[in-house]
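A.B. asks: I have a structure I would like to understand better, so I am pasting it below and will then ask my questions one at a time.
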Amino acid sequence: SATKSTLLNLKSKDFYTGMITGDNINTAISISKTCGLVDLKQEDIAICIYGSAKAALKYTLINEQGDPIGDIDPESRKHMGRRLVGAMDNKNFQKIQTDFGLDLNKPINIKESPVLVEIAEKVRIFARMNPVQKALIVIIFKEFYRN
């Protein structure tokens, strides 16, 4: 498909590719594998759970069928020569939005929040996002890559 070849081309040129969708997280993960956004030969997918602003995201590794395998440290995958692709749903992002007071009418200072930096570095699949959440995610990425 055109999507798959475009994504593979972008990834081959070291572009950071991701997905923000209104679909549920299982559909988003399935599509990300089908279209080549995630390469299961080199990457693992983990569901990202947000607990609080004082803690890092929690990652639950999933198998190829989408079943949870167990919690992991994202840094541990690098030693195995694999990258971790985070997937986050709207409910977890809503908690982040609330805790950090994210608003389209206010600037986002990403440097003040390790959680927002972690999202920009590790999460590539965003599911069930509403239009405001989609816009906030784009702003977070713009701020992260601007610096």
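The values are calculated or read from the model by the stated rules, or taken from the named source; none is laboratory data. Just so it is clear, the structure is predicted and the values come from calculations on it, not from any experiment. Using ideal geometry, Cβ is built from the backbone for each residue, glycine included, and neighbour counts are taken over all protein chains shown. For the accessible areas, the whole protein counts, side chains as well, though only heavy atoms, and no ligand, DNA or RNA atoms are used. Shrake-Rupley method; radii C 1.70, N 1.55, O 1.52, S 1.80 Å.
A.B. asks: Being at pLDDT 80 or above, outside any helix (DSSP H, G or I) and open to solvent by 70 Å² or more (accessible area, probe 1.4 Å) is the filter here; which residues of the stretch 16-26 pass it?
C.D. replies: Listed by number, the list is empty, since nothing qualifies.
A.B. asks: Test each condition in (1) in a loop (DSSP other than H, G, I, E, B); (2) among the polar types (S, T, N, Q); (3) free of Cβ contacts under 8 Å to residues at least 60 places away in the same chain for residue 97 and report the one that comes out false.
C.D. replies: Unmet for residue 97, out of (1) in a loop (DSSP other than H, G, I, E, B); (2) among the polar types (S, T, N, Q); (3) free of Cβ contacts under 8 Å to residues at least 60 places away in the same chain: (1).
A.B. asks: Same structure again: Given the conditions (1) outside any helix (DSSP H, G or I); (2) at pLDDT below 85, which single one is not true for residue 60?
C.D. replies: (2)
A.B. asks: On to the next question. Please state which of the following conditions residue 105 fails to meet, knowing it meets all the rest: (1) loosely packed, with under 11 Cβ neighbours inside 10 Å; (2) assigned to a helix (DSSP H, G or I).
C.D. replies: If we test residue 105 against (1) loosely packed, with under 11 Cβ neighbours inside 10 Å; (2) assigned to a helix (DSSP H, G or I), just (2) comes out false.
A.B. asks: Hey, another quick one. When you go through (1) closer than 19 Å to residue 18 by Cα; (2) touching a residue at least 40 places away in the same chain (Cβ under 8 Å) one by one for residue 132, which number turns out not to apply?
C.D. replies: Here residue 132 clears every test but (2).
A.B. asks: Moving to a separate point now. State yes or no: is residue 62 among the β-branched types (Val, Ile, Thr), over 12 Å from the mean Cα position of the chain (by Cα), open to solvent by 30 Å² or more (accessible area, probe 1.4 Å) and under 19 Å from residue 39 (Cβ atoms)?
C.D. replies: It is false that residue 62 is among the β-branched types (Val, Ile, Thr), over 12 Å from the mean Cα position of the chain (by Cα), open to solvent by 30 Å² or more (accessible area, probe 1.4 Å) and under 19 Å from residue 39 (Cβ atoms).
Yes or no, residue by residue, for (1) within 15 Å of the chain's Cα centre (by Cα); (2) at negative phi; (3) surrounded by 16 or more Cβ atoms within 10 Å (Cβ to Cβ):
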position	(1), (2), (3)
6	no, yes, no
14	no, no, no
28	yes, yes, yes
34	no, yes, no
41	no, yes, no
50	yes, yes, yes
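A.B. asks: Here are some residues: 130, 92. Which one is touching a Cys at 6+ places or on another chain (Cβ under 9 Å) and of a type outside the set (Gly, Ala, Ser)?
C.D. replies: 92
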